[in-house]
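Data block below; observations after.
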Amino acid sequence: MPQSRRYLSSERASRASYQDRYRERARKQRHRRSPSFSSSSDRERERRGRGHRHEGGYARSRSYDNRSADRRPYDRRYCEGYRRMEFSREREHGAGAADCYYARDFSPGGYSYRRDHERDRSERDDSYRRKGSRRKHKRRRRRTRSYSPSTSRSDSRTQAVCVRDDEEGHLICRSGDVLQERYEIVSTLGEGTFGRVMRCIDHRRGGAHVALKIIKNVEKYKEAARLEINVLEKINEKDPENKHLCVQMFDWFDYHGHMCISFELLALSTFDFLKENNYLPYSISQVRHMAYQLCLAVKFLHENKLTHTDLKPENILFVNSDFTMTYNVEKKREERTVKSTAVRVVDFGSATFDHEHHSTIVSTRHYRAPEVILEMGWSQPCDVWSIGCILFEYYLGFTLFQTHDNREHLAMMERILGPVPSRMIRKTRKQKYFYHGRLDWDENSSAGRYVRENCKPLRRYLLSEAEEHHQLFDLIEGMLEYEPTKRLPLASALRHPFFQSGSGMAEQTASKNWEGNRDISR
């Protein structure tokens, strides 16, 4: 096998590369050879050429220093990764191959492979570290983001360390934190889908304790809070002395994206007290007093063209929920009796003025009026229906319509109150609930048996045949009329005989209790 010719290093600068010469020789041989015939000697030459090329390639790869000078710039380019310059085809052909891969201010003579390779590697590592730190910082900012619209980009970085939200949008705060240099957090009073209510010391009100409602940093809850603030401001304007038993708003502010509302501090809700008392119902006299206050407060709202739309025991709070404890020998349990039944109506986040847009669905399921279920439009009588359901719950300790399905809800109504009026059936858009003018309901199904076993006509729920009990149920029946136009107005409800019976006039009793519980901030 012929040996490849090696050139001295001094000759390499003046001669073309071995690979170029080999390609030229092979081209000449192809021209001399006939295209039609191929001899064994030709095939042998091709075989030898392949072996010769392999040997030459092996020789070139042995040492970087043995390479030709015109190949070194290419190797340097691929080793170092010079991709900073872009060159056109014209410049590649016009300039030397060695100059094409250097920047204009780069000197090939001053090149140090080791130094520049280490420098590039350190720059690459620094870049990766910076990218990693940026990712971590973004994740940290995502978890602890401050949503204050009034702060600049640089301010938000510093304030994110102090003002943080959890994954659900709640403001992260603890006892001892001070908001707005005024409200010092003492404890958590409650939590809901909207946010949290904190017990705070208001240092601008002489250290009085207040309830601070901190809304989640979620846009729909913030918008509801703005609407609630608007309603509360109108209530304060119409009732500056707080005579109509709606919760009083003291102040509101935006704290880094969290709408905060300061209220008078109240006690347990009527539902929470019922729950903690093992759902022992309130006495008839307690029901009377709470019912009168509730009717008075909601009547005030209706007179000011406002519908609450979310009345339920959870949104009626005691001013003071202190109680006395007695032991029931027959039932072998301790029973609580609240000392004062003075209450306030709260949560005006869903309250709607008459001129405003009316959502299709309002009210919590168990207290929802039939016109809302049937999507016939609603107005202030839907609050009266809710009050009727609430009074039943106070009296018996459980919910009247315990369901989560519209059809079942209507079946319960018919079981307790009688059939749905045909006029409402004709007018409703929800014809899928009816068939041939009657509720489409199978009484022999499992749901039908449940309704039949757990619901009965309203009067059969009476706990006593005493007159005041019948008067209460007469009041509830008037509030649970199907037709909104026939439902008992609250002005008439306040004159109902139920509020005239008992140990004295309900107004006088209520007036004494309200006066005794006026200043709830002490």
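The values are calculated or read from the model by the stated rules, or taken from the named source; none is laboratory data. Just so we're clear, the structure is a prediction, and the values are computed from it rather than from any experiment. Because the Cβ atoms are built from the backbone with ideal geometry, glycine has one as well, and the counts that use them run over all protein chains shown. The protein model used for the area step is the full one, side chains on, heavy atoms only, and it has no ligands, DNA or RNA in it. Shrake-Rupley method; radii C 1.70, N 1.55, O 1.52, S 1.80 Å.
Note: relative contact order over region 211-290, using C-alpha pairs below 8 Å and six or more positions apart, is 32 percent.
Ranked from highest to lowest mean number of other Cβ atoms within 10 Å per residue, what is the order of the peptides 225-238, 360-373?
Numbers: 225-238: 16.9, 360-373: 19.2.
Ranking, from highest mean packing down: 360-373, 225-238.
For Leu488, the residues whose modelled amide H falls within less than 5 Å of its own, excluding neighbours fewer than 5 places apart on the same chain, are Met479, Glu481. Is the shape of region 160-250 best called rounded, prolate or oblate, per the rule: a/c under 1.5 gives rounded, else a/b larger than b/c gives prolate, else oblate, with a ≥ b ≥ c the square roots of the Cα gyration tensor eigenvalues? Oblate, because a/c is 1.5 or more while a/b does not exceed b/c.
This model, with +1 at the C-beta of Lys and Arg and -1 at the C-beta of Asp and Glu, gives region 368-485 a dipole about its Cα centre of some 620 debye. Highest mean packing first, where packing is the average number of other Cβ atoms within 10 Å per residue, the peptides 485-498, 327-340, 288-301 line up as 288-301, 485-498, 327-340.
Each Lys and Arg Cβ is given +1 and each Asp and Glu Cβ -1; about its Cα centre, region 417-466 then shows a dipole of about 380 debye. Return the tail of the calculated pair distribution for region 389-468, meaning the percent of Cα-Cα pairs more than 14 Å apart. So the portion of pairs separated by more than 14 Å is 66 percent. A P(r) calculated from all alpha carbon pairs of region 345-408, with 5 Å bins opening at zero, reads 3, 16, 26, 26, 18, 8, 3, 0 percent.
Using a 1.4 Å probe, what is the accessible area per residue for region 303-376, in Å²? Please list the in-between numbers first.
On the way: 3440 Å² over 74 residues.
I get 46 Å² per residue for region 303-376.
For region 221-315, the Kirkwood hydrodynamic radius comes to 15.1 Å, computed from all pairs of different C-alpha atoms.
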